[in-house]
Amino acid sequence: MRKKYKLTLIIIAILIIMVAFITFFILFNGKKEVEKINVVDSIDEYGYTLDDRDSKLMKEIYEELKNILIKDEINYEEYAKTISKLFVIDLFTMNNKINKYDVGSTEYVYTENADNFKLNVEDTIYKSIINNSNGKRKQELPCVSSVNIESITEEVFEMNENMVDAYVIKINWKYEKDLGYDDYATIKLIKEDNKLYVVEYIAGELEE
């Protein structure tokens, strides 16, 4: 009986080690792939980057942003429109994401809200993304093909118990293939120092 007991313990220990090893390998491999993403351009003063995997549309709008920000006097309405476009494109173009933890658009979100934003996206919009660490994913995922600013207005927004000026952008977009994801939203941005940040995203149907 004692030998059987020892043998059972050994088998259990081996199984635990195997499960731990597999779990570690999956997590580590996924993170490793995300770290391999190549940044091909950056606007250092503002912390914006462009990756080699970004879509053609993303690259075009990013160039528009660069042209806005290099001017001596920045047009903040155009800046707000462009950031809203990049936010939508990066967030809802999912076919270039490694897994659900590879959340797009975080660099446009207000710093204090970025972690909560990322967790929320992981648990909702990106929840069903299959891990593509091995490059063999067959899942059909959305890619934004065009984006349109419907309107821009200004309002007062409550931020950390303070009232601050905000841009309110109504925006709609289309996909290469409609898979049922958001295609219309209201985005609110605030200015802190010389930089604009997304502080609120409200999804909604495009009004007739």
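General observations
So that you can scan it fast, the table gives a plain yes or no per residue for (1) at pLDDT 95 or above; (2) β-branched (Val, Ile, Thr); (3) open to solvent by less than 100 Å² (accessible area, probe 1.4 Å):
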position	(1), (2), (3)
2	no, no, no
28	no, no, no
46	yes, no, yes
60	yes, no, yes
68	yes, yes, yes
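- Residue match in the stretch 37-44 (condition: of a type outside the set (S, T, N, Q), modelled with pLDDT of 95 or more, under 30 Å from residue 132 (Cα atoms) and open to solvent by less than 40 Å² (accessible area, probe 1.4 Å)): yes
- Residues in the stretch 99-132 that are open to solvent by 20 Å² or more (accessible area, probe 1.4 Å), of a type outside the set (Val, Ile, Thr) and under 16 Å from residue 37 (Cβ atoms): 100, 101, 107, 118, 131, 132.
- Qualifying residue in the stretch 155-173 (condition: outside any strand (DSSP E or B), open to solvent by 40 Å² or more (accessible area, probe 1.4 Å) and of a type in the set (D, E, K, R)): yes
- Looking only at residues of the stretch 136-151 that are open to solvent by 40 Å² or more (accessible area, probe 1.4 Å) and touching a helix residue (DSSP H, G or I) at 6+ places or on another chain (Cβ under 8 Å), we find that the one that is farthest from residue 77 (Cα to Cα) is 145.
- Residue list for the stretch 174-193, filter: open to solvent by less than 50 Å² (accessible area, probe 1.4 Å) and more than 20 Å from residue 117 (Cβ to Cβ): 175
- The set of residues in the stretch 77-98 that are open to solvent by 40 Å² or more (accessible area, probe 1.4 Å) and over 14 Å from the mean Cα position of the chain (by Cα) comprises 77, 78, 81.
- Evaluating residue 173 against the criteria (1) more than 24 Å from residue 74 (Cα to Cα); (2) free of Cβ contacts under 8 Å to residues at least 60 places away in the same chain; (3) touching an Asp or Glu at 6+ places or on another chain (Cβ under 9 Å) leaves one unmet condition, (2).
The values are calculated or read from the model by the stated rules, or taken from the named source; none is laboratory data. Since the model is a prediction, treat every value here as computed from it, not as a measurement. So basically every Cβ, Gly included, is an ideal-geometry build from the backbone, and we count neighbours across all protein chains shown. Side chains included, ligands, DNA and RNA excluded: accessible areas come from the protein's heavy atoms. Shrake-Rupley method; radii C 1.70, N 1.55, O 1.52, S 1.80 Å.
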